[in-house]
Amino acid sequence: MQLNLKNPLVFFDLETTGVNANSDRIVEISYLKVYPNGNEETKTFRVNPGMPIPKEASDIHHIMDEDVANSPSFKEIGKNIAKDIEGCDLAGFNSNRFDVPMLVEEFLRNDIDIDLSKRKLIDVQVIFHKMEQRTLSAAYKFYCNAELEGAHGAEADTRATYEVLKSQLDRYPDLANDVQYLSEFSSFNRNVDFAGKIVLNDKDQEVFNFGKYKDQLVEEILKKDTGYYGWMMQGDFALNTKNVLTRIRLRSMNK
């Protein structure tokens, strides 16, 4: 099924040194840009992370230190990536929980100005899990009736994710071919920050989604526990989360 798009939709996948958005880095990024007219454009970049790639990560994506030794840093290519995805909606497999927060953190870390907060995000894994409960390789076999060759390579996983979403739309008549609908359907929470530490409750109020103040209003906690803001700013939280927290704090102070 051809995707019904108003904006270009970028399917992307990251291979990284690990799963911590704060301390780990991207070693490969691949994205498939699908235009409303159906045209497609694919780019893949190896990235020098500026740190050793742990063996357990290399065992998964098969990218070694020597493979990226002469590759550009994210700072060198990040502005071009930001330009390519500016104004686009984003899609991936487990992207809302991992790829999007990791990518946003790399942009912030390298002072690259791009705002993804208004973009629609489709997580094909969430759709898959809500419908069938599987992995990407199993999803590709289930929906596309083929074996996924090159699994855990960014380009192969990106293409497979695109094909799976189209097949999901063919298989499930209840899934609307609409980016806004798919974005909402594939969201676990209504995140305020990309890491999901702050979310909206059923009254559209910002609440913490972790720790001792889980489900409590952010503004009220910042007033009641004045040290909590400092603890989070000094803690091992994503830069995006800290930026969102600061914005809420400043808004509250200006009321």
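Filtered by the rule that a residue be more than 14 Å from Lys43 (Cβ to Cβ) and β-branched (Val, Ile, Thr), the range 60-101 gives Ile60, Ile63, Val68, Val100.
Here the condition is being closer than 30 Å to Asn243 by Cβ and aliphatic (A, V, I, L, M); of Leu169, Leu121, Leu148, Leu136, it holds for Leu121 alone.
Within the range 76-93, identify whether any single residue is in a helix (DSSP H, G or I), within 11 Å of the chain's Cα centre (by Cα), surrounded by 23 or more Cβ atoms within 10 Å (Cβ to Cβ) and not assigned by TED's automatic domain parsing to the domain that holds Val244, and answer yes or no. Working first, answer last.
Restricting attention to the range 76-93, the residues satisfying the condition of being in a helix (DSSP H, G or I) are 76-85.
Next, only the ones that are within 11 Å of the chain's Cα centre (by Cα) stay: none.
No; the residues of the range 76-93 include none that is in a helix (DSSP H, G or I), within 11 Å of the chain's Cα centre (by Cα), surrounded by 23 or more Cβ atoms within 10 Å (Cβ to Cβ) and not assigned by TED's automatic domain parsing to the domain that holds Val244.
Checked against (1) modelled with pLDDT of 95 or more; (2) over 15 Å from the mean Cα position of the chain (by Cα), Lys197 passes all but condition (2). Contact annotation: residue pairs with Cβ atoms under 9 Å, 6 or more positions apart or on different chains, pairing a residue in the range 50-75 that is assigned by TED's automatic domain parsing to the domain that holds Gly150 and assigned to a loop (DSSP other than H, G, I, E, B) with a partner that is among the small types (Gly, Ala, Ser) and surrounded by fewer than 12 Cβ atoms within 10 Å (Cβ to Cβ), are Met51/Ser23; Ser73/Gly50. In the range 203-214 there is at least one residue that is at pLDDT 95 or above, among the polar types (S, T, N, Q) and out of contact with any Cys (no Cβ under 8 Å at 6 or more places or on another chain).
Within the range 222-238, residues that are closer than 16 Å to Ala21 by Cβ have Cβ atoms under 7 Å from residues that are part of a helix (DSSP H, G or I) and of a type in the set (Lys, Arg) in these pairs: Met232/Lys242, counting only partners at least 6 apart in sequence or on another chain.
Scan Leu175, Leu217 and give me the residue that is among the hydrophobic types (A, V, I, L, M, F, W, C), touching a residue at least 12 places away in the same chain (Cβ under 8 Å) and either touching a Pro at 6+ places or on another chain (Cβ under 7 Å) or assigned by TED's automatic domain parsing to the domain that holds Cys88 (or both). It would help to see each step written out before you state the result.
Values: Leu217 fails: either touching a Pro at 6+ places or on another chain (Cβ under 7 Å) or assigned by TED's automatic domain parsing to the domain that holds Cys88 (or both).
Unique residue meeting the criteria: Leu175.
Name the residue that is surrounded by the most Cβ atoms within 10 Å (Cβ to Cβ), counting only residues in the range 2-45 that are over 15 Å from the mean Cα position of the chain (by Cα) and of a type in the set (A, V, I, L, M). Of everything passing the filter in the range 2-45, Val27 is surrounded by the most Cβ atoms within 10 Å (Cβ to Cβ). Restricting attention to the range 117-134, report how many residues are part of a helix (DSSP H, G or I) and not basic (Lys, Arg). Selection size over the range 117-134: 7.
The values are calculated or read from the model by the stated rules, or taken from the named source; none is laboratory data. The structure displayed is predicted, hence computed values, not measured ones. For neighbour counting, all protein chains shown are included, and Cβ atoms are generated from backbone atoms with ideal geometry for every residue, glycine included.
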